[in-house]
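The values are calculated or read from the model by the stated rules, or taken from the named source; none is laboratory data. Everything quoted here is computed from the prediction, not taken from an experiment. Glycine gets a Cβ as well: all are built from the backbone with ideal geometry, and neighbour counts include every protein chain shown. SASA here: full protein model, heavy atoms, side chains in, ligands and nucleic acids out. Shrake-Rupley method; radii C 1.70, N 1.55, O 1.52, S 1.80 Å.
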Amino acid sequence: MGVSVGKAWRLGMLSTNLALLPKNKRKQQQQHVCSSQQRKSMTISWSLICGLMLFILGLISLLTGHMLSDLEWYSHRLVHPTFYTRLDGHYRAPIDIWESKFSKYYYGCSDRGRNYAPAVREQMSNGYLLIAASGGLNQQRTGITDAVVVARILNATLVVPELDHHSYWKDHSDFINIFDVDRFISYLAKDVTIVKRVPDKMMRSMEKPPYTMRVPRKSDPDYYLDQVLPILLRRQVVQLTKFDFRLANHLDDELQKLRCRVNFHALRFTKPIQELGQKLVTRMQKMAHRFIAVHLRFEPDMLAFSGCYFGGGEKERHELGEIRKRWTTLPDLSPDGERKRGKCPLTPHEVGLMLRALGFTNDTYLYVASGEIYGGDETMQPLKDLFPNIYTKEMLADEELKPFLPFSSRLAAVDYIVCDESDVFVTNNNGNMAKILAGRRRYMGHKRTIRPNSKKLSTLFEGRNQMDWNTFSRKVKHCQRGFMGEPDEMRPGRGDFHEFPSSCVCERPHADEELGTKIDT
């Protein structure tokens with residue numbers, strides 16, 4: 001049983017043949033047979049092991065194929081360790097709420113590459129590109145930045161973009177009223193040829209008015225080359241309307257660096273705006289060694305658009321509901337569902353609780369950048385109770401601010417300057433100004449920037465009365481890790497490029513060695 005007849009016969013014949021051999025020969029033959037069987041057994045064993053290993057590796061590869069980008073990122077960090085991989089145990093140490101101790105090792109880097117082609121001259125370009133930006137100041141800023149990149153892609157001459165005069169804010173300011181137009185043109189001269197208007201000779205020679213079109217959101221360069229360039233070559237002047245977020249987030253590094261040169265260098269505010277903004281910064285610094293700037297986006301239109309509920313009862317539901325009717329295409333949203341998803345902006349009170357839980361004391365000075373706060377003083381009072389030293393641009397400048405009052409974009413530009421110069425920047429939402437400033441502060445040396453982890457914080461705020469302050473504070477600190485503006489939050493491909501300009505942030509040479517020396521000592 002268990003041994004076939006053929007196999008038994010072969011074994012019997014082998015035994016008979018061995019018995020007929022001399023004793024020494026039999027011994028050698030037996031040793032040869034045993035060693036052959038051992039080698040065969042080992043060969044089979046190794047084959048099984050190798051096959052099993054290959055099967056396991058194939059299975060792992062199959063199951064983790066969708067995670068290749070993350071694996072590539074982490075493998076890069078293992079081969080080229082950064083401060084955080086070198087200090088794995090130290091990363092969980094308490095975070096300095098005023099500044100990152102690693103920020104000095106990172107800097108903005110947006111220089112042109114060696115093989116970067118010069119700008120195409122106006123006479124040799126493929127035509128003139130007109131841009132109509134859309135939205136408020138910071139939304140238009142992203143549009144202007146992307147307009148330069150699109151002009152570069154099309155080898156077109158860019159006409160200074162037109163700003164939106166019909167948005168909710170009804171600001172009639174032109175580009176020249178907000179940005180230094182001469183610097184904008186000269187700083188980008190090696191990238192794109194920019195003119196203030198289409199030459200009169202060209203306009204007179206045109207048989208038809210400029211061709212107007214709107215491109216889809218997040219269009220990649222190929223779309224512009226395939227769909228816009230042929231029209232530009234044929235008509236010589238093309239206008240792109242509602243130009244906000246009309247260019248893909250992910251581009252090659254040279255185009256991403258161009259975005260950084262536009263946003264962080266070429267777009268400088270006019271002299272009157274710069275001077276007033278710097279005056280407010282100086283006045284805050286005279287009162288406090290360091291201060292926090294809070295961008296408090298809590299205007300009625302923003303709250304209505306969010307679809308969230310903020311505890312104001314039927315009065316709030318009715319008022320925000322009426323405002324919400326302005327947008328006929330908005331879907332019906334569940335306020336509780338939106339809050340659980342982290343889509344609701346923090347209230348002024350919640351911002352105050354978050355900051356106190358992180359460790360900021362009540363003698364900290366706050367500059368609050370905001371428009372009209374829904375609920376007025378009643379809404380702001382809980383924040384003032386937590387931080388009595390609160391200032392706004394209206395409190396710091398009276399007569400000086402009057403020329404700016406009719407222009408919401410110019411007022412927003414003043415707030416932008418103070419927020420950018422603050423020691424810590426905090427936002428209660430993840431809107432356009434929050435993203436633009438977060439990206440700029442990363443580029444300018446990773447100045448402390450705190451954005452709320454709204455999804456996790458919402459649960460903590462709901463259960464605030466069921467836990468003591470120390471427990472609440474500990475949990476807030478835990479859930480805010482990764483939302484404090486640390487350098488390791490920068491990861492290629494993460495989020496919106498304007499907020500995470502990873503292609504434009506470099507690590508200083510030999511930083512790891514310096515860090516290793518500090519650890520050893």
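Across the stretch 96-104, coupling constants 3J(HN,Hα) worked out from phi with the 6.51/-1.76/1.60 Karplus curve, θ = phi - 60°, read 5, 6, 9, 7, 7, 6, 9, 4, 5 Hz, and Gly and Pro carry x. For the stretch 222-286, pairs of C-alpha atoms spaced more than 13 angstrom apart make up 78 percent of the total. Once all protein chains are placed together, Arg214 keeps about 140 Å² accessible to a 1.4 angstrom probe. Probing with 1.4 Å while keeping every protein chain in the model, the per residue accessible area of the stretch 122-266 equals 45 Å². Spin-label pair Lys196-Asp496: with each label point 7 Å from Cα along the Cα-Cβ axis, the two points sit 3.2 nm from one another.
Could you please report the charge total around Arg246, scoring K, R as +1 and D, E as -1 over all other residues with beta-carbon less than 9 angstrom from its beta-carbon?
Around Arg246, the charge tally is +2.
Once both labels are positioned 7 Å from their Cα atoms along Cα-to-Cβ, the gap between Arg290 and Glu314 label points is 5.0 nm.
Placing R0 at 60 angstrom, the Cβ-Cβ distance between Asn362 and Ser205 gives a FRET efficiency of 0.35 after rounding to 0.05. Normalised by the number of residues in the stretch 122-266, the mean separation of alpha-carbon contacts (under 8 Å, six or more apart) gives a relative contact order of 36 percent. Between Arg326 and Lys242, the modelled labels are 1.7 nm apart [label points 7 Å from Cα along Cα→Cβ]. Using the Cβ-Cβ distance between Glu275 and Ser186 with R0 set to 22 Å, the FRET efficiency from 1/(1 + (r/R0)^6) comes to roughly 0.60. Pairwise alpha-carbon distances in the stretch 122-266 exceed 20 Å for 43% of all pairs.
A compact globular protein would have a Cα radius of gyration near 2.2 N^0.38 Å; the ratio found for the stretch 361-415 is 1.23.
For the stretch 309-405, with all protein chains in place and a probe radius of 1.4 Å, 49% of the accessible heavy-atom surface sits on carbon or sulfur.
Working note: Karplus 6.51/-1.76/1.60 with θ = phi - 60° gives the stretch 156-163 the couplings 9, 8, 8, 8, 3, x, 8, 8 Hz, where Gly and Pro are set to x.
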